[in-house]
Every structure is written in structure tokens, then in C-alpha cells.
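Data first, discussion second: the structure below is written as C-alpha cells.
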Amino acid sequence: MRVKAQVAMVMNLDKCIGCHTCSVTCKNVWTSREGTEYQWWNNVETKPGVGYPKLYEDQERWKGGWTLGKNGKLELKAGGKLRKLANIFFNPDMPSIDDFYEPWTYDYETLTNAKQSEHQPVARPISQLSGDPIDLEWGPNWDDDLAGAPETASLDPNIRGELEESVRFEYEKVFMMYLPRICEHCLNPSCVASCPSGAMYKREEDGIVLVDQEQCRGWRYCVSGCPYKKVYFNWDSGKAEKCTLCYPRIETGQPTICSETCVGRLRYIGLVLYDADAVEGAASVPDEKDLLEAQRGVFLDPNDPGVVEQARFDGIPDDWVAAAQRSPIYRLAIEWGIALPLHPEYRTMPMVWYVPPLSPVMGFVEGNGAEADPDDVFPAIDELRIPIQYLANLLSAGDEEVVRRVLKRLAAMRGYMREKNLSGLGDAEVASAVGMGPQEIEDMYRLLAIAKYEDRYVIPPAHKELAAELYEQRGTAGLQFAGGPAAASDGGHRNDAYSSCSLDFAGGPGSCSSSAEAGAFGGTRNEGFYAMKDELEKKARELGGKVRAPNVRLFTSKKDFEAFHLKGRGPKGAGA
């Protein structure tokens, strides 16, 4: 078991009003630059609908995410290295600007400079890419609130099978819901595996997926490799860009800007602990309907003493473990099981989960005083205006029973709390019918309905106290491996001046043996390294000798060093 921490988010779809405040604030903060006009790192879609970009959920067309190969192992749906090399100058799975939209502004100068006339002046739309006048044909929320639903909503990839025959977009039968989307910051990100230049990476400390702008070469395989299409190409800089989960705010214990400004207060952010060694196995289960439980099995109980001890050994600070124990994410997704991932069948193991909407069902039981009766509430679950099968296609790889179980718990919570408000005593039978106790029902109600700011966002600050000393910690030179700075100099011979300076073992970058010949860096040991090491050990002793300093691991041999840093980083490295 190798314990890691992941920053995760849950959104309660029952509380989303489709106001797009989150989208606008994210746009103003992150993508108001040239080259990012069409990028919406946060967008709110109306479902059913084609989404943004168009039909992004149709993986038979875009080939995003993972699939299982003939040997039962994970493979990128778009193909491996040879296929990418063959198409490296022309990506056939790449969405075009027409699949997004051509961003535009308006000719406002015409309005301000127009002379007096009989007719009102009109500001024509102008392309922000070419500067030419354009005709508007599509936009980032063109089908918002079911606009054009008879033509576009039926194209929704989630409406398939028997559902396609039963859904009719007539006024009396129509249904809709809002779906806010950001980058999923997956445990097994296919965008990271798709990048030929290794520019995309998943941060070790908190799991946030980012793009190294210096390393990116603009191949754009990350764009096609992401099944959620949340990686964008900046046409001005020639680099890939994506949602950063507002990591500068996360590092200081603040929620993302979309969460901070959310009108419905529907977002929850917290830490979860997971077993990094179990990720590949969980993402490789043969049956897609088993992926949800497999991912839940990867998450670790932060209150388990064994997990806590292993987390400390793996360098996770105590305050992060404490934050994971108070995390709303663990309760919503694991303890109560009412949050579900978006399209788990993509096998990326997404970390932005959703509580499915329940509101439409209550019209079947409200007003007749029967809501607290399980015999009335639970049969009505199957009469939702939003079909169970549609929610299952969206959130549970088509497993309707999973969604039905979640909705029953949400309905039981409403019935129990209404009964308690009216009579002063909740009906324990309602709680037990869904496998929960009265206290669990009330805790779930408080978190979903009236949670305070500090309950919705449990984000520990990052441990950056050692970052300033990274230069000193690295020692005087690099590592001792073939082709490395400690291995050779001009002429191909070993550079002893470098090889005598490494970590705290013979030949490591933090030590210089007394027998080493004096060279460019001298023959004495690096006192700065040892001063830092002594300080870290002092801090560990102050913590009772049980815990190493946060995010620091000291090695006593080269074998130990390589075993730790190369663990799980094979050539395919799914989830590593």
C-alpha cells in the first residue's frame, strides 16, 4: 500500500440553478487572455444536450480515455506510441474550432461613432480569431435551457438504447438538469499518458493535474486524449492549457474561484487518501459497471490507524491526515455513497463527483402527506421526470440500481426531516429502509442543506516551508547514472568532482567522501546539506520521533533511493 492524498470535489446537482456565475468568474480570472477566448475551464451544460465541445461524450468519435486491450491491460483508446507517432503531424481525433465555437466580440466602435440617422446602428459580431465579421452559428452554451432541444438534445450520447425510443422532447414530457463541469483531475489521467513530450503531470502532493508550459510542444494529443475535453490549445502561445483547480488558492487553504462564487453553494472540496498501488488494478476491471465500486475500493479510511501510520510513513503531514478525516468528500462518496463520478466507463477514475438531482420526483408525493411513508416515496423514484436510465448512463456506467439506491437515500432524507419538522420526531423506519440510522440522516441533511463554509471546504494549506531550501537539499551536483552530470565529462569519462557529491550515501549529491579527489567542487562534504538534514531530524524528534518531517524522506543507500522514486513508473505507468 502506498498512500497518497488527492484534492477532490463533489457537486450537488439538486442545488445548481444554471446561473453560470462559476463560469464567468473562472473566465475572468484564468482565460481572459489572447488565445484563450474559446476556453471555458468551468462551464455549465444543460442536459440532455450535446455539451461543450459538441458531442464530447461520444468516445467512438473522439477516442478519449482508456480501454482494455486483448491482454486485459489498460490501453489508450486513441492508440499507443506507434499510432501517435504515425499521426503526430495530423491528429485525426482532434476537435476543431467548429466543435467548440469561433469566439467573437462586437464592433462597438460603430455604436459610439455612428452619425444621427433614421435607423438604430447595429454592432456586428467580429471574430476574435480573424478579426472579420462572422455569422453566429454556435456558442459555449448555445443549447442552454433546452434551446433547440428538438434538434440538438436528441443527439446526446447518454440517450441511447431503449431510452432513445422512450424520450420525447414534447413540452408535457420534457426534462432537463444542469451539469457544471471542470477538469476531473483523474487518478488515472489519459491526458497525461497521451502527451508525447511529458509536459502534463499529476502533482505528487495533492493530485492536481497541470501542464508544464516550458515542456509543452503543442502536439495536442492531450486534447484528444482527455475524454471530458477539458484540455485546450492556446493558439497564441502554442501551448496546452487546462483547469488548474485554482492551485494557488488551494495551497493557501482557500476553495477554487468557481466554488467561492457559486450562488447555489453546491460544491464541496476536501482531501481523500487513496492507495496509489491499487489504481491500475481498479481501472482495469473487465465489467464497466464494476468500475464505481473498484474506485471506491481505492479510497482509504482516514480514521483507520493502519492507514494513518502508513500515510505518515509516506510523507503525508499530520494536518493533512486530520483534514482527510474531516473531509466532506469521503462522507458523500464513501460513507453515505450518494456521490457518483462522471462517466466512470472512461476508466480515468475522475475525482469530481456529483450528487444526482432528486427534485422532480417530489411532485408525485408532495401535498398528500405521504412523503414520509417509504411505501409512497420509493416507488416514485422510478417515476422521476429525469429517467433513471439517463442518470445511470451519465454517472454509473449504465447501472440503474446504483442511481436508484442514491435517490432513495436522498428521498428518505427529505421525508425524515419533513416529518421531524412537523411532528418533532423523525421516522426511524424511513432511515432504516435505506440502510442508515437517524443520526446519519440528520448529518447528511446538515451537510447537503445547511452546511457552513468551513464544513463544505476542508482544505489544509500546502507545506511549502521546505521549498526555499530545495537548492541546498540537492547538494552540489546531480545524480550518478549513465549520461548524468555525475557520470561523464568531455571525452566520456566519469566526472569524479560530480560523482563525489550526491545524497547522504556514497556517490550521492549531498555528500563528499574524504577520500574523493579535490575537483571543481572540492573534496569536502556539503555542510549545507547536513545542516538541513540535522534541522529536519530535529523537527521530527520534536514530533515525538514518530513522524518524519512533511514531504521529506531521507535515504541511506542508492538502492533505497531508486526503489522509492522508480516505484510504479513503468513504461505504461497507468496511474503512476
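The values are calculated or read from the model by the stated rules, or taken from the named source; none is laboratory data. Please read these numbers as outputs of a predicted model, since none were measured by experiment. No Cβ is skipped: glycine too gets one built from the backbone with ideal geometry, and neighbour counts run over all protein chains shown.
Count, please, the residues in region 180-214 that happen to be assigned to a strand (DSSP E or B) and either surrounded by 24 or more Cβ atoms within 10 Å (Cβ to Cβ) or touching a residue at least 24 places away in the same chain (Cβ under 8 Å) (or both). First the steps, then the outcome.
At the first step, the residues of region 180-214 found to be assigned to a strand (DSSP E or B) are 180-181, 200-202, 209-211.
When the remaining residues are screened for being either surrounded by 24 or more Cβ atoms within 10 Å (Cβ to Cβ) or touching a residue at least 24 places away in the same chain (Cβ under 8 Å) (or both), the result is 180-181, 200, 209-211.
Qualifying residue count for the region: 6.
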(request) Residues being modelled with pLDDT of 95 or more and of a type in the set (Gly, Ala, Ser): count how many of those fall in region 19-34. (result) 1
(message) Let me confirm something: among GLU34, GLU45, which residue is more than 30 Å from GLY281 (Cα to Cα), assigned to a strand (DSSP E or B) and touching a residue at least 60 places away in the same chain (Cβ under 8 Å)?
(response) GLU45
(request) Could you grab me the full set of residues in region 418-433 that are without any contact (Cβ under 8 Å) to a residue 40 or more places away in the chain and of a type in the set (A, V, I, L, M)? (result) LEU422, LEU425, ALA428, ALA431
(request) Enumerate the pairs (first residue in region 267-291 and farther than 20 Å from ASP301 by Cβ; second residue anywhere and among the acidic types (Asp, Glu)) with beta-carbon separation below 8 Å, excluding pairs fewer than 6 apart on the same chain, so at least 6 apart or on different chains. (result) GLU288/GLU345; LYS289/ASP399; LEU291/GLU345
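Report yes if GLU60 is under 22 Å from ALA153 (Cβ atoms), part of a helix (DSSP H, G or I) and in the same structural domain as CYS183 (by TED's automatic domain parsing), otherwise no. Spell out the reasoning first.
Working: under 22 Å from ALA153 (Cβ atoms): yes; part of a helix (DSSP H, G or I): yes; in the same structural domain as CYS183 (by TED's automatic domain parsing): yes.
For GLU60, the condition - under 22 Å from ALA153 (Cβ atoms), part of a helix (DSSP H, G or I) and in the same structural domain as CYS183 (by TED's automatic domain parsing) - is met.
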(message) Against the conditions (1) in contact with a Ser or Thr (Cβ under 9 Å, 6 or more places away or on another chain); (2) surrounded by 12 or more Cβ atoms within 10 Å (Cβ to Cβ); (3) more than 28 Å from VAL192 (Cα to Cα), where does ALA78 fall short? Just the number, please.
(response) (3)
(request) Determine whether region 96-103 contains at least one residue that is aromatic (Phe, Trp, Tyr) and more than 20 Å from LEU129 (Cα to Cα). (result) no
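Among the listed residues GLY238, GLY225, GLY270, GLY253, identify the single one that is closer than 26 Å to ARG2 by Cβ, surrounded by fewer than 22 Cβ atoms within 10 Å (Cβ to Cβ) and not basic (Lys, Arg). Please lay out each step first, then the result.
On the way: GLY238 fails: closer than 26 Å to ARG2 by Cβ; GLY225 fails: surrounded by fewer than 22 Cβ atoms within 10 Å (Cβ to Cβ); GLY270 fails: surrounded by fewer than 22 Cβ atoms within 10 Å (Cβ to Cβ).
Checking each option against the conditions leaves just GLY253.
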(message) Return the residues of region 291-336 that are of a type in the set (Asp, Glu) and farther than 22 Å from GLU280 by Cα; say none if nothing qualifies.
(response) ASP304, GLU309, ASP318, ASP319, GLU335
(request) Return only the number of the condition from (1) under 30 Å from VAL308 (Cβ atoms); (2) modelled with pLDDT under 95 that ASN12 does not satisfy. (result) (2)
(request) Check ARG83 against each of (1) farther than 25 Å from LEU394 by Cβ; (2) touching a residue at least 12 places away in the same chain (Cβ under 8 Å) and name the one condition it does not meet. (result) (2)
(message) Give me the residue from region 74-118 that is within 24 Å of the chain's Cα centre (by Cα) and in a strand (DSSP E or B) and, out of that set, nearest to ASN43 (Cα to Cα).
(response) LEU76
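Considering only residues that are over 19 Å from ALA8 (Cα atoms) and part of a helix (DSSP H, G or I), which ones fall in region 281-307?
Here is the first cut: in region 281-307, the ones over 19 Å from ALA8 (Cα atoms) are 281, 284-290, 304-306.
Result: GLY281, GLU288, LYS289, ASP290, PRO305, GLY306.
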(request) Mind listing whichever residues of region 7-55 are touching a helix residue (DSSP H, G or I) at 6+ places or on another chain (Cβ under 7 Å) and aromatic (Phe, Trp, Tyr)? (result) TRP40, TRP41
(request) Of the conditions (1) in contact with a Leu (Cβ under 7 Å, 6 or more places away or on another chain); (2) touching a residue at least 60 places away in the same chain (Cβ under 8 Å), PRO121 clears all except one; give me its number. (result) (2)
(request) Restrict the check to region 266-284 and report whether at least one residue is of a type in the set (Phe, Trp, Tyr) and either modelled with pLDDT under 95 or over 16 Å from the mean Cα position of the chain (by Cα) (or both). (result) no
(request) Could you tell me which residue of region 119-172 is modelled with the lowest pLDDT, considering only residues that are assigned to a loop (DSSP other than H, G, I, E, B) and among the small types (Gly, Ala, Ser)? (result) GLY161
